[in-house]
Amino acid sequence: MISVKSFAKINIFLHINGRRADGYHDLQTLFAQTELHDTITIEEAEKTELRCSEASVPADSSNLIIKVKNILAEKYGFRNEYSITLNKNIPAGGGLGGGSSNAACFLKAVNSLSGLGLSYTDMADILGSIGSDTVYFLHDKPCYAEGRGEVIVSEAELPCAPVLLVNPGIHVPTGEIFRGGNLKLTAKADLSRMPLVAGYAELTAMLENGLEAAVFAKHPVLKVLKTSLLDSGAEGALMSGSGSTVFGVYRTDEQLESAYSVIKEKFAGYTVFKSRIKGAG
């Protein structure tokens, strides 16, 4: 049996470079994991079965963990069966990459547990086939990425800054946002020239998301939430991915604690997490 932590991600920046010939958009982003995590427990069994603590999360073949297991069987003839328990803390569909993180962590754990011997490239191919941000979770450090988000350019280091993650429980369909227009387009940058070690000021200066305008137009409360995080003392705030989670970055734990109280009272009913950027792996 093995238990692993499956960490949530935020996008420090998310730039949209334009539409591709395949219908997707070219993106450039800086992924960073936070200390918020799910826990996955895996043990050998006669039949693979997934149990999840959150009833709204599917446990069938639509779950990315099961998709990974099925690819291993189809592509590698992998016949090991597992009882999988997924204890969810990361809000589903909130722009924090919970499902993608779960899939990558399951794959890494099974590769280690079974001695399957998959290389990084093998695992990246599997994960890239089921999602755009899944490959990132093979890494423990922040990473610059481009393409659909599956092309990792380089690892980086960020300060382990306190962050407040606020999820209003709104589901934002990513495809609908990309198809709906009102995206902020950014000229493609050379990510290889971006700082590999960034300080706090560089971190907050990089906060930008080309999807915010489109999502805020549909869900104005998210703009109110971002403004409230800034008013609470955050030195930067941003929507993660396509939303609906918005995060604030603070300089000190004391500022975070003060902001937590304010935001919890103002947005009663929202899910609020005190966390920290996992900056250096």
Item to check | In sequence order, calculated HN-Hα J values of the range 112-123 (Karplus, 6.51, -1.76, 1.60; Hz; x Gly/Pro) | outcome: 6, 5, 9, x, 5, x, 6, 7, 4, 4, 4, 5
Checklist outcome for this item: Taking only the alpha-carbon atoms of the range 1-63, the convex hull volume per residue, in cubic angstrom, is 151 Å³
Checklist entry - Roughly speaking, what is the stretch gain from Tyr24 to Asp190, that is 0.36 nm per residue apart minus the C-alpha to C-alpha distance, in nm to one decimal? => result 57.7 nm
Checklist outcome for this item: Tilt, helix 253-266 to longest principal axis of the chain (alpha-carbon atoms), in degrees rounded to tens, equals 90 degrees
Checklist entry - What is the distance in Å between the Cα centres of the range 148-189 and the range 67-114? => result 22 Å
Checklist entry - Using θ = phi - 60° and the Karplus curve 6.51 cos²θ - 1.76 cosθ + 1.60, what whole-Hz ³J(HN,Hα) does each residue of the range 69-86 get, with Gly and Pro shown as x? => result 4, 5, 5, 4, 5, 6, 8, 10, x, 6, 10, 5, 10, 9, 8, 10, 10, 10
Next on the checklist: Can you give me the C-alpha center-to-center distance between the range 209-257 and the range 1-31, rounded to a whole angstrom?
Outcome noted: 18 Å
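Net charge near Val197, counting Lys/Arg +1 and Asp/Glu -1 over other residues with Cβ under 11 Å of its Cβ? If you can, show how the numbers build up before the last one.
Working: positive: Lys141; negative: Glu155, Glu157, Glu202.
With Lys, Arg at +1 and Asp, Glu at -1, the net is -2.
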Checklist entry - Amide H neighbours of Ala161 under 5 Å, counting only residues 5+ apart in sequence or on other chains, H built in-plane at 1.01 Å? => result Ile277
Next on the checklist: If you scale each eigenvalue of the Cα gyration tensor by 5 and take the root, what three semi-axes come out for the chain, rounded to whole angstrom and sorted largest first?
Outcome noted: 30, 22, 18
Checklist outcome for this item: Any trypsin sites (Lys or Arg not before Pro) in the range 9-48 that lie in a DSSP loop and have at most 15 other Cβ atoms within 10 Å would be Arg20, Lys47
Checklist entry - Once the principal axes of the Cα atoms of the range 171-281 are found, what is the range along each, listed largest first in whole angstroms? => result 38, 35, 23
Checklist entry - Which parts of the range 1-40 would a label at Val272 reach, counting a residue when its backbone N lies under 18 Å from a point 7 Å out along Cα-to-Cβ? => result 36
Next on the checklist: For a test of understanding, tell me how many lysine pairs in the range 91-232 have Cα atoms under 28 Å apart, given they are 8 or more places apart or on different chains.
Outcome noted: 11
Item to check | the range 2-154: mean projected area of Cα convex hull, nm² | outcome: 9.0 nm²
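So what is the relative contact order of the range 157-276, in percent, for Cα pairs below 8 Å that sit 6 or more residues apart?
Working: 182 pairs, mean separation 50.1, N = 120.
Computed over the range 157-276, the figure is 42 percent.
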Checklist outcome for this item: If R0 = 30 Å, then Ala59 and Tyr200, at their Cβ-Cβ distance, give a FRET efficiency to the nearest 0.05 of 0.15
Item to check | Length released on extending from Glu35 to Ser119, taking residue separation times 0.36 nm less the Cα-Cα span | outcome: 27.6 nm
Checklist entry - For the range 54-90, list residues with backbone N below 14 Å from a point placed 7 Å from the Cα of Met1 toward its Cβ? => result 83-87
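Just so you know, all these numbers are worked out from the coordinates, no wet-lab data involved. What you see is a predicted model, and the numbers here were worked out from it, not measured in a lab. In this analysis, Cβ positions are derived from the backbone assuming ideal geometry, glycine residues included, and neighbour counts consider all displayed protein chains.
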